[in-house]
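Remarks on the structure that follows.
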Amino acid sequence: MGLIRFFLAISVIFSHLNIVGVFTGGGIAVQSFYIISGFFVALMFDVSPAYGNISKFYRSRLLRIFPIYYVVFLISVVFVIVFGIPGLPNGKELFLNFNIETKFLIVFSNIFIFFQDWIMFLGWNNGALSFVSHFSMSEPPLYNFLLVPQAWSLAIELSFYLISPFLVRCKTNWLVFLVVVGLLLRVIFYKNGLFEDPWSYRFFGLELFTFLIGMLSYRMYRKAKDKKWNIINNKKIGASSLIFMLTFAISLKSLPVPVKMLAPFFYLSVFVLLPIIFNFTKSNKLDRFIGELSYPLYVVHILVINMANFIFGDSINTSYYSIFVLLISVLASIILNLMIQNKIDNYRSKIKVL
């Protein structure tokens, strides 16, 4: 799944660079990550008996998320101190004008990631913090004070992890029931006009079903392995499935069909083909290496964009700018993995046997 994860991360970068017409776009990429996350969490509990101890699972997940986040966060703090908050020339003064509750929420969520997704539904208006239907309905927008702003999705991931030990114990029928409930909630919200960003993919209550779909996909994989279905081990089918998903991901926005109509078919493809592609690629070291870049790539790219904006000035709409962002983001991801995450992963592997 490494190549798929890598191209999904690239899709998010392209979205933030306003490069249109290629890849899936940010929203579809993030929701696909939720599905893949559900698959891998279910896999972890199945193959790692040590995670029967919930605290070991939580510790492992925190060590996967926070070290790289903190490195990027601290560099972002230095960047803000030197150059100011991107998009808010008077951001420091605006922050000082917030009441104590708002300051606490911003500082806490930046440090601990949790509740960054909430900020997408909160606004500062008339001297008070209040719920808003869109994060832009705030003066100033509170998301500008998130130093790693894309980490709102990590907050949702962490919420998934909190309840994962209980979800993996659910029978398949219950997981299916929860998915149906989640889809019905989406229909209700849609009928009430809450279907655009941020409701489309930033609200935990509406995204839980995507994580559950990933868990169900893993159970389908486990059943296929137990029943020794030929389709799961057929290398031609595995290669074809991988090529199909990569082609679908790269060309989705260029197809002559509205993206909103294609999105459900993309998610369905991820759900159905994930077991086959995982089985086909799980022993491929290169695929694993490429896939491991997806997380640091996702976390570091906004920082790289902010630095590139400062370097390129009025030339940010050039191809050189986009190439620079992509290359530096990938390079930074490799460095973060080699210098930080690999060492952390060595410790994480010990947790499983402690």
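The values are calculated or read from the model by the stated rules, or taken from the named source; none is laboratory data. Computed from a predicted structure; not experimentally measured. Cβ: placed from backbone, ideal geometry, glycine included. Neighbour counts: every protein chain shown. Surface accessibility is based on the protein's heavy atoms, side chains included, excluding ligands, DNA and RNA. Shrake-Rupley method; radii C 1.70, N 1.55, O 1.52, S 1.80 Å.
List of remarks:
- Of the listed requirements (1) at pLDDT below 95; (2) touching a Gly at 6+ places or on another chain (Cβ under 7 Å), Glu196 misses just one: (2).
- Some residue of region 221-228 being open to solvent by less than 30 Å² (accessible area, probe 1.4 Å) and in contact with a Gly (Cβ under 8 Å, 6 or more places away or on another chain): no
- Candidates Phe204, Phe195, Phe211, Phe160, filtered to the one that is in contact (Cβ under 8 Å) with a residue 24 or more places away in the chain and either among the aliphatic types (A, V, I, L, M) or more than 22 Å from Val272 (Cβ to Cβ) (or both): Phe204
- Hits in region 252-274 - residues which are hydroxyl-bearing (Ser, Thr, Tyr) and open to solvent by 30 Å² or more (accessible area, probe 1.4 Å): Ser254, Tyr267
Yes/no matrix, rows are residues, columns are (1) out of contact with any helix residue (DSSP H, G or I) (no Cβ under 6 Å at 6 or more places or on another chain); (2) more than 16 Å from Ser11 (Cα to Cα); (3) of a type in the set (S, T, N, Q); (4) not in a helix (DSSP H, G or I):
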residue	(1), (2), (3), (4)
Val272	yes, yes, no, no
Ser283	yes, yes, yes, yes
Ile305	no, no, no, no
Leu326	yes, no, no, no
Ile344	no, yes, no, no
Lys350	yes, yes, no, no
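- Inclusion of Lys260 among residues that are part of a helix (DSSP H, G or I), more than 26 Å from Leu17 (Cβ to Cβ) and among the charged types (D, E, K, R) is not warranted.
- Qualifying residue in region 121-137 (condition: in a helix (DSSP H, G or I) and buried (at least 16 other Cβ atoms within 10 Å of the Cβ)): no
- Residues that are more than 19 Å from Ala9 (Cβ to Cβ) and touching a residue at least 24 places away in the same chain (Cβ under 8 Å), drawn from region 235-253: Lys235, Ile237, Gly238, Ala239, Ser241, Phe244
- Considering region 138-151, the residues that are part of a loop (DSSP other than H, G, I, E, B) and open to solvent by less than 50 Å² (accessible area, probe 1.4 Å) include one that is farthest from Ile305 (Cα to Cα), namely Ser138.
- Hits in region 178-205 (condition: in a helix (DSSP H, G or I) and closer than 26 Å to Tyr58 by Cβ): Leu178, Val179, Val181, Gly182, Phe204, Gly205
- Subset of region 155-192 (residues that are of a type in the set (Phe, Trp, Tyr), surrounded by 13 or more Cβ atoms within 10 Å (Cβ to Cβ), out of contact with any Leu (no Cβ under 9 Å at 6 or more places or on another chain) and more than 20 Å from Phe121 (Cβ to Cβ)): Phe177
- Of all residues in region 103-117, those satisfying the criterion of being closer than 10 Å to Ala155 by Cα, assigned to a helix (DSSP H, G or I) and open to solvent by less than 60 Å² (accessible area, probe 1.4 Å) are Ser109, Gln116, Asp117.
- Within region 50-64, tally of residues that are out of contact with any Ser or Thr (no Cβ under 8 Å at 6 or more places or on another chain) and closer than 12 Å to Leu162 by Cβ: 4
- Any hit, region 160-170, residues being in a helix (DSSP H, G or I) and closer than 19 Å to Val12 by Cα: no
- Yes/no for Phe195 being closer than 30 Å to His16 by Cα and open to solvent by less than 60 Å² (accessible area, probe 1.4 Å): no
- Test: residue in region 289-311 that is open to solvent by 30 Å² or more (accessible area, probe 1.4 Å), under 19 Å from the mean Cα position of the chain (by Cα), modelled with pLDDT of 95 or more and closer than 30 Å to Val179 by Cα: yes
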